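Here it is: the structure, laid out below.
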Amino acid sequence: MLSLLKYQPVRYLINGLVATCVSYGVLTACIHLLHIPSAGVSNFIAAAFGITASFLGSRHFVFPGTTESVWHQLARFWLLYAVLALMQAGALFVWTDWAKLDYRIGFLIGTFLQMVCSYFGGKHWVFKR
């Protein structure tokens, strides 16, 4: 298993799973422990934590060895994620609202596109060497 960690895409997938768990844990805590009445607000808070976990994991685990300022990388990371969120929303809009196809399939397509673009955006723009 440890030999698989030498592959950057494997580390990227692990980082994504950890960030998803952080996001889901915060979402659950917001709803059940903090009693925030809005799932949307709770999810917004959770997304901030999940994206932060993803950034830290990407910087130190997926794409280590960078020497650029954390602030420059953080700004590019947030911009990348904003563009990816718009891309995924657009893909779901076209798939579901315009083409009248199943939103679950559209969500999976959008998520796959986001995952691929996030990896290459992180590798070649946010955390480039």
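What follows is calculated from the coordinates using simple rules that are stated; it is not laboratory data. Note that the coordinates shown come from a computational prediction; the quantities given were computed from them, not determined experimentally. Glycine also receives a Cβ, built like all others from the backbone with ideal geometry; neighbour counts cover every protein chain displayed.
So what is the relative contact order of the range 67-129, in percent, for Cα pairs below 8 Å that sit 6 or more residues apart? Before the final figure, lay out each step's value.
Values: 38 pairs, mean separation 26.7, N = 63.
After rounding, I find 42 percent.
Given +1 on the Cβ of Lys and Arg, -1 on the Cβ of Asp and Glu, and no further charges, what dipole in debye does the chain carry about its Cα centre, rounded to the nearest 20? It would help to have the intermediate numbers written out before the result.
Values: 9 positive and 3 negative charges, 86 e Å.
Dipole about the Cα centre, nearest 20: 420 debye.
Please name whichever of Gln73, His32, Ile51 sits farthest to the positive end of the charge dipole of the chain, dipole taken about the Cα centre and charges placed at Cβ: Lys and Arg +1, Asp and Glu -1.
Toward the positive end, the furthest listed residue is Gln73.
From the helices alone, meaning DSSP H stretches of at least four residues, give me the mean residue ellipticity at 222 nm for the chain, per-run term -39500 (n - 2.57), in deg cm²/dmol to the nearest 500.
That comes out to -23000 deg cm²/dmol.
Now a separate question. What FRET efficiency do you get for Ala75 and Ile14 if R0 is 30 Å and r is their Cβ-Cβ distance, rounded to the nearest 0.05?
Details: r = 25 Å, r/R0 = 0.83.
Computed FRET efficiency for Ala75 and Ile14: 0.75.
On a straight-distance basis, which aspartates and glutamates could pair with Lys128 in a cross-link, Cα separation under 18 angstrom, same-chain partners fewer than 8 positions away excluded?
Correct list for Lys128: Glu68.
How high is the relative contact order of the range 1-62, given as a whole-number percent (alpha carbon pairs under 8 Å, six or more residues apart)?
Details: 52 pairs, mean separation 26.7, N = 62.
Result for the range 1-62 is 43 percent.
Which length gain, in nm to one decimal place, applies between Ser38 and Tyr24 when the Cα-Cα distance is subtracted from 0.36 nm times their residue separation?
On the way: separation 14, 0.36 × 14 = 5.04 nm, distance 1.49 nm.
Difference between extended and current length: 3.5 nm.
Using θ = phi - 60° and the Karplus relation 6.51 cos²θ - 1.76 cosθ + 1.60, list the HN-Hα couplings for the range 112-128 in order, rounded to whole Hz, with x at every Gly or Pro.
Working through the residues one at a time gives 5, 4, 5, 5, 5, 5, 5, 4, 6, x, x, 5, 9, 10, 6, 10, 4 Hz.
Right, here's the next one. HN-Hα J couplings of the range 18-26 from phi, Karplus 6.51/-1.76/1.60, θ = phi - 60°, integer Hz, Gly and Pro as x?
Here the 3J(HN,Hα) series is 5, 4, 5, 5, 4, 4, 5, x, 5 Hz.
I've got another one for you. Over the chain, what is the relative contact order in percent, taking alpha-carbon pairs closer than 8 angstrom and at least six residues apart? Display every interim value, and only then the final one.
Working: 105 pairs, mean separation 30.8, N = 129.
Relative contact order comes out at 24 percent.
Could I ask something else about it? Quick one: which of 107-117, 53-63 comes out on top by average Cβ neighbours within 10 Å, and what's the full order, highest first?
Working: 107-117: 14.8, 53-63: 19.5.
Those peptides, ordered most packed to least, come out 53-63, 107-117.
Convert each backbone phi in the range 63-73 into a coupling constant with the Karplus relation 6.51 cos²θ - 1.76 cosθ + 1.60 (shift: θ = phi - 60°), then list the ³J(HN,Hα) values in order as whole Hz, x for Gly and Pro.
Computed from phi, the couplings for the range 63-73 are 10, x, x, 7, 10, 6, 4, 4, 5, 5, 5 Hz.
Pick the calculated Kirkwood radius over Cα pairs in Å for this structure from [x] 23.5; [y] 15.9; [z] 25.3?
Only one option fits the structure, namely [y].
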